[in-house]
Amino acid sequence: MNSLTRLYTTYPIDRPVLTIIIVLMISAFLALGSKWIFIDDDFVKMFPEQIPSKQIWDEIQNEFGSTEYLIAAIEHDNILNDSKFYNRISSFSNKLYQATDSNGNQLVNRVLSITELDIFSDQKKEKFSGYDEIIKNRFIKDDFISIAIVPQNNINNAELVSEVKKIYQSELGDYKCHFAGQPYLTGETPNLIKKDIRVLMLVGIGIMILVLLINLRSIYAVMCVLCVIFLSLMGMIGFMGWLFSLTGDNIFNFTILSTSMPILLLTIANSDGVHISTRFSRELKKTKDVKVSVRSALQKLRTPIFLTSITTAIAFLSMTFSPIPHMVGFGVVISFGVLWAWVVSTTLLPSLLIIKKWNLNSKVFNKDNFLEKSVKRISIYVTKYPKKILFSSLFIVGISLIGLWFIKVEVNIIKFFKEDTQIRQSTNFVDNNLDGSMNFVVRGRGDFLRQKNLKLIEELQLFLETKVPEIKKSISFVDLINTSQYKFDKDFNSETNKQLDDYTLPDNDDEILSALTNPVDWGEVDQEDYILSVSNIVDLENIFFDEPFINETLILAQMKTVSTDRASEIADMVKLKIDSMIENEKVKLEATGLLVFLKDFVSMVVNSSVISILTSVFAIFIIILAFFKRLIWALLSVIPLLSAIILNFGLMGLLGIELSHLTALLTSVIIGVGADFSIHYISNYINNSKGNMSKGDINYCTSQEVGYPILLDVASNMGFAALLFSAIIPINYIGGLMVFAMISTSFGALIILSSTIEILKKRI
């Protein structure tokens, strides 16, 4: 502790300029790491590999390519009679194949549209795609057509969406288009989040500056606090880049999850700066000597600020126990940011305060502001009526407990966006007018050249299309076989009147093989093109062997965008159906899809958050016990944490706010800020009790001394309410809940903790 004492009391005070230079140089070095920041907008990559539904999904993508399409629904009132429009669609489709990412890699694997029907040619090409009638039924409506863009594997969806939009504007910009599908949602969401966060954070910081300025009443003091915040953020982001540069590990990429890091660190760094600045101001009122005031402020705050930084860093480091790799990286990076904020606030900030020539006659040092007056009223009321205050507070917390029973763990991707946003309106249009914008996928493994096994596929398709309201259409190997029969008859038997729906599976295995190989006997059909055309539902390469076989195939069921809970219900229904159908262990059917493993992912995040809460609270308890060496203080320190957690999550339950992978991160804020407030309160109380104050005055004095910086910290962070104006609803929730978290943690410290201490003052 002696070395720390010297750090706090000697260098920033006796050598302020040197201290400033050293901190700025280290900050600049850290900031250099920002050039290695890699922004990864594909949130699907965040999902851990150990999720079974994700493992199936990855295997499918590797084997068959992407099963999720970027859908473009283009409005036109007379599609089949407008050859010029058809030619423009054809040009649009062809140019999509030229779309490349920033590294020159092709983005589009295949385009499924009316151009594959070749409906305007004088003589239809003798070329089989396997999709003629399926495309017509699936992608052509009375007043619009839909184009399904199949992306390449492992591409950046944000770049895909950007390039597709550019091509659309150049080729079809005069027609209204509605985009939808998983690539669209996952590609567009990061851009919207970054745009909203960028704008609203500036608004929030502006509000923070205004609040600080009104209360600190010094532009210089506010600039000092902002320096702490800015250098802390710069150091954290740079550190993230350095880690990625040195390790090459993608857990240190900047993802959607990372967008919350600046918000969290801003809150913590602001708290450190506010506590030191307000304590300095209070000491200067008494001593009228700048050096003495800075030294006194640091001596009184060195333990609580060190403890709050350590406990908050531990709270975030508990994320390293998460099974989600990117949360591990998140925890490591923001923990460093917290510790770096501690270094900056306890070295740079005192140095900046020292070099300023303060006007000791200023009203800053001679007149209480509104918050200081409010703190005095609170202190009087709490110390006068502690039991009434405590019981009333516990009643409020008890009411909040009820809300915990109503918390839902789910995600509805489309409900991430407000109703007036383009992304939600477009998706709703496709969901309501087409067969849906998402895919529910079933993988089949077994011998699928046998008629009895294909009957299982056919039965499961019928179940999906008749028993699941959200699914209207599906496509499978069975449809391919029926379409093959239909195509063959139509081209070689001109007298047939049969329609596609009239065809059923052949009666035996030989006829199935014949139906599949007929198209390649036409002479003019390219075998590789034929295989490519159906490669996203079945691997046909092996049917041309001497002993043909097909051991893996897919059912792709288009469905409307639903919540993860509903997707999970559908998956459970399908599993029960599969279990009732399959008696042969050689045949295996498994369901997956983005919404299915998103549910598993969210549940994993929530479970890891619970572990993180328990780990953090226990670690904070142990650290405080070790420093303050009394069990009572360790027990009292967790009161603001637990009360704030109950209040926040109870509020979520009562208001119907879903617990998702985004809102679950709120626990880190609550724990970090709650620990901060309780440690400052307890540490100040212990210091005051060492003096000559009576038992009756200690808590009153502590409440005033600690209450002001706590309320100022809370008030300055009200700027996060700007996030309520985001177009992304989870960001709204984060903004609102962040504000409430600040209020609830201050309530826990200044009301519940303070009244409890007042009641127990004779025993402590």
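Since every read-out is calculated from the coordinates, none of them should be taken as a lab result. None of the values given here were measured: they were computed from a predicted structure. Note that we place each Cβ from the backbone using ideal geometry, even for glycine, and neighbour counts take in every protein chain shown.
Could you tell me the ratio Rg/Rh of the stretch 562-692? Both radii from Cα atoms, Rh via Kirkwood. Rounded to two decimals, Rg/Rh equals 1.25.
Within straight-line reach of residue 35, meaning a Cα separation under 23 Å, sit the following lysines at least 8 residues removed in sequence or on another chain: 45, 194, 195. Cα centroid separation, the stretch 147-192 to the stretch 612-642: 50 Å.
Distance between the 7 Å Cα→Cβ label points at residue 287 and residue 465: 8.3 nm.
Computed from backbone phi with θ = phi - 60° and the Karplus coefficients 6.51, -1.76 and 1.60, the 3J(HN,Hα) list for the stretch 147-156 is 10, 9, 9, 8, x, 5, 5, 6, 10, 7 Hz; x is used for glycine and proline. Compute the acute angle (0 to 90°) between the alpha-carbon long axis of helix 325-355 and the principal axis of greatest extent of the alpha-carbon atoms of the chain; round to the nearest 10°. It works out to around 30 degrees.
Of 554, 597, 486, which is farthest towards the positive pole of the chain's charge dipole, taken about the Cα centre with +1 and -1 on the beta-carbons of Lys, Arg and Asp, Glu respectively? Projecting each Cα onto the dipole axis, the largest value belongs to 597. Each peptide among 712-725, 601-614, 17-30, 54-67 gets the average number of other Cβ atoms lying within 10 Å of its residues, and from highest to lowest they stand as 712-725, 601-614, 54-67, 17-30. Each Lys and Arg Cβ is given +1 and each Asp and Glu Cβ -1; about its Cα centre, the chain then shows a dipole of about 7880 debye.
The relative contact order of the chain comes to 20 percent, based on Cα pairs under 8 Å that sit 6 or more residues apart.
Nearest 10 degrees, 0 to 90: what angle lies between the long axis of helix 729-747 and the longest principal axis of the chain (Cα atoms)? Roughly 20 degrees between the two axes. Peptides 433-444, 413-424 ordered by packing proxy, namely the average of other Cβ atoms within 10 Å per residue, highest first: 433-444, 413-424. Of the peptides 187-199, 384-396, the ranking by mean beta-carbon count within 10 Å, highest at the top, reads 187-199, 384-396.
Taking the longest Cα principal axis of the chain as reference, the axis of helix 182-216 is set at about 10 degrees. Projected label points at residue 385 and residue 373, each 7 Å from Cα along the beta carbon direction, are separated by 2.1 nanometres. In the set [x] 1.09; [y] 1.03; [z] 1.06, which value of Rg/Rh (Cα atoms, Kirkwood Rh) was calculated from the structure you see? Answer label, from the structure shown: [x].
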